[in-house]
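Bear in mind these aren't lab numbers, they're just calculated from the coordinates by the rules spelled out. Note that the coordinates shown come from a computational prediction; the quantities given were computed from them, not determined experimentally.
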Amino acid sequence: MSTTPLDPEAASTLAVVVSSHEPLLFLSEQLDVIAASNSFCRAFEIDAATLPGKHISKIGSGEGAMLKLASLLKATAAGSAQIEAYEIDLVRPNRRIRNLVVNACRLDDGDKDRIRILLAVTDVTDVRAEARIKDDLVREKAILLQEIQHRVANSLQIIASVLMQSARKVQSEEVRGHLHNAHHRVMSIAAVQKQLSTSPGGTVDISRYLTQLCDSLGASMIAEPERLSISVKADDASVTAKISVSLGLIVTELVINALKHAFPDQTTGAIKVAYDASGGDWTLSVTDDGIGMPTGSNAPKAGLGTGIVEALTRNLECDLETRGASPGTCVTIRHLGDIDHHEDIRPAA
């Protein structure tokens, strides 16, 4: 290939291309390599001395991808196209296939007899390989998580069955009551686990979640559904799995407590679970229309359920309030904004 002395402007352009930190090729209108940046030669382990005068399609093995690129570059040289993020595979004998992303533009300095093309090449081989590995790990994790969830569900059912069988066999009413309480808690945790296992993206639809949880509690604890009922009214919002577990356990304990103590002599009764959210603020309440909270010497001592609710409330950085509901009792957990946890609660999509 014959050479023509370079004018100062062309020499300056070549100097910029050669010294560029980005892998660049400087091409003639005929798609012959005029110059290549040192970074290009290093990235693709090509001897810089072999490139000048070589047609673009001859870099690599001249396979179809390079030939198609040459065709697109001709259109770019003619001014009818511009290559943006075009992907090709660079195939060379006895070397690793490289995945490349190519961008090209025509350099027009007004001289129709001197059209040049600047070709920028990005090697995404390692990035794509890492992405594939990550995708494989995500799929493996999903399969493993599904298997774990299945085993947890089976284990919870077995534990619940053992507790019920034990409750039927014991003679002590006190022990039987403790076993029944343990059974109810296991069943509520099973309901929580089931909801979380079907929640996409690590978030939980709070209305559906609390409804299924209370349905499970009612089915396991209310022998006469026509006498006692549990209802849920919740805003259309979603919470993270972490927050939902705490909310579910709080509701479980408060509903169990109401079912055990609020309706000793009433023929009918209702428990209402409500969740209201506004921005970073939210309120969870459990209200019954039972006998209300005994006071004075008749006030019950704080039990395990009360301790669980108080601990979970502190963990969520919320305020806990218990008051008369005329009739009955209302327990409210209130969360105000400007606390770290508020970012975990958002409107449902």
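A few notes on this one:
- Around the amide H of E29, modelled in the peptide plane, lie the amide H atoms of I115, all under 5 Å away and 5 or more residues distant in sequence or on another chain.
- Linear extension gain, N38 paired with T267, 0.36 nm per residue minus alpha-carbon span: 73.6 nm
- Under Karplus coefficients 6.51, -1.76 and 1.60, residue-wise ³J(HN,Hα) of segment 314-319 in Hz, glycine/proline x: 4, 4, 7, 6, 10, 9
- Residues whose amide H comes within less than 5 Å of that of V232, counting only those at least five positions distant or on another chain, are V273 (H built at 1.01 Å from N in the peptide plane).
- Long-range amide H partners of S20 with built H, under 5 Å: N38
- Taking θ as phi - 60° and the Karplus parameters 6.51, -1.76 and 1.60, the scalar couplings of segment 323-332 work out to 8, x, 10, 6, x, x, 9, 10, 10, 10 Hz in sequence order, x denoting glycine and proline.
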